[in-house]
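Okay, so here's the structure we're looking at.
The values are calculated or read from the model by the stated rules, or taken from the named source; none is laboratory data. Note that the coordinates shown come from a computational prediction; the quantities given were computed from them, not determined experimentally. Cβ placement follows ideal geometry from the backbone for every residue including glycine, while neighbour counts extend to all protein chains displayed. Just so you know, the surface numbers come from the protein's heavy atoms only, side chains and all, with ligands and any DNA or RNA stripped out. Shrake-Rupley method; radii C 1.70, N 1.55, O 1.52, S 1.80 Å.
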Amino acid sequence: MSPSETERPSGAGSPAEEPAPGALPAVAPQLRALRRQASLTLEVAARAAGLSPAHLSRLETGQRQPSLPMLLALARVYGTTVAELLGETVAGRDAVIRASDMEPTAAGGWTYWQAGAPGRGMQALRVHVPHGSQGDVVRVHPGEEWLHVLRGRLRLRLGDSTHRLAAGDSAHFDSLTPHRIAAEDHDGVDLLFVHTLLQSPTAALCLGPTPGDAS
């Protein structure tokens, strides 16, 4: 079974979509180019990522913005990283990533800065989550997540438990636990975010199937 990603608004039965307020020139062409590079049809890639072909088509044409869970799912399907999906490149595999090289990229209402090198077993991002953005979206996907609050306050829902994290607090959890991330403050919240890459079918089998209902 291919790893999949589930993203649903609470109480809804279909993946959440956000209108694209403006064109994202890097994301849409990259999604299409990487799918073709992987020799996958729209239908096959969408099914492997847990999306509908129509939804993936809208992402590839820039009519919708991909959320972070969608990017993680597509990165696993295409055997790449979120950074490459966002059109970011880092020369070589240097151990040091300079702040001047971290270009912001907007997707799904959030803003991302690549904080790690491509092609590694973990993806590290600096993330700004605006207030009211995707706070009702439930996320379920294989892997582990670690996040650290840099500024502001975060509301983290893990299963049936709700946690409020302030600057300096961290969380480390299994991503198969249904979870929601939302900013408590009107100024939003800034995070460091690390997610494990699980591209191996063996790793997916060890984790077991992804739950089909995150409600």
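Details
- Amide proton proximity set for Ser133, modelled H, under 5 Å, gap of 5+: Ala183
- In this simple spin-label approximation, Arg164 and Thr177 carry label points 7 Å from Cα along the Cα→Cβ vector, and these lie 1.9 nm apart.
- In nm, spacing of pseudo-spin labels at Thr61 and Glu144 (7 Å Cα→C-beta vector): 4.2 nm
- His172, His131, His148, reordered so the largest accessible area comes first (probe 1.4 Å): His172, His131, His148
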